[in-house]
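A quick write-up on the structure given underneath.
Derivation of every value follows stated rules applied to the coordinates shown; laboratory data play no part. In this text the structure is predicted, and so the values were computed from the model without any measurement. Glycine also receives a Cβ, built like all others from the backbone with ideal geometry; neighbour counts cover every protein chain displayed.
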Amino acid sequence: MIKAFIFDLDGTLTDTEKFYQKAWPEALQHFGYKCEPWMPLELRSLGRPFAPIKFREWFGEDFDYDKVRAYRKQLIEEYLKPGIPLKPGAVEVLTFLREKGFTVAMATANDLERTTRYLERIGLLDCFDKIICADMVKQGKPAPDIYKYACDSLGLPPDQTVAVEDSPNGIRSAAGAGCRTVMIPDLTEPDEELSKLLWARVDKLEDLKTLIHQ
């Protein structure tokens, strides 16, 4: 029996993953590195310690991850000044799930300060019973820590929760914790390996309504 839905933020509820795909190459170029087109896709929801390791694999052991990431964060803030675009159906689905009695939580690769600020800006902060962020756990996505922590915080076994994600790293994190995983593809479709980890794949947020009786 499903009792809770746990949502990712970027690329799932907000149409913001495209900005990260632009910001990483700009930030890397700013510091003299060449970013291949496939690299930013691998970085979606990739948390610590995995992201710094990935960059050192690509650019060498002397790569200053914190410096480049700080510049990328500045770029994202600039991109989002005009507004933070929502995915279609985000407000409606969150409202629907709460009205149906489901617990609604968030598990995001962002830190708590930025997550809270963004949710306030888009008017979704009150839609969540719990907000779990990357800075609350030891290892970020694709490790299962954040989803295990979310389930513990909700007092629910993972198989009574549905994790809603757009990226491979997010799906691997949720599946590793034992959650039911639903992918709403944003920039890429699941490959054969990732598809084996999915409870469902849907086209859009409002399709989640069809899953609540499964």
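Data table
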| quantity | calculated |
| --- | --- |
| Cα-projected label distance for Q139 with D126, points at 7 Å along beta-carbon direction, nm | 3.9 |
| Least to most buried among T95, T210 (fewest other Cβ within 10 Å first) | T210, T95 |
| Translational D in µm²/s for the chain (Stokes-Einstein at 4 °C, 1.567 mPa s, Kirkwood Rh from C-alpha pairs) | 74 |
| Footprinting exposure proxy for W38, W199, W58, W24 (fewest neighbouring C-beta atoms within 10 Å first) | W38, W58, W199, W24 |
| Separation of alpha-carbon centers, region 1-40 and region 141-214, rounded to whole Å | 17 |
| Sequence of F7, F63 once ranked by neighbouring C-beta atoms within 10 Å, starting from the fewest | F63, F7 |
| Value of [θ]222 nm, deg cm²/dmol, for the chain, DSSP H segments ≥ 4, -39500 (n - 2.57) each, nearest 500 | -12000 deg cm²/dmol |
| Cα-Cα over 31 Å, subset of K81/K141; K148/K209; K73/K100; K3/K67; K54/K100 | K73/K100; K3/K67; K54/K100 |
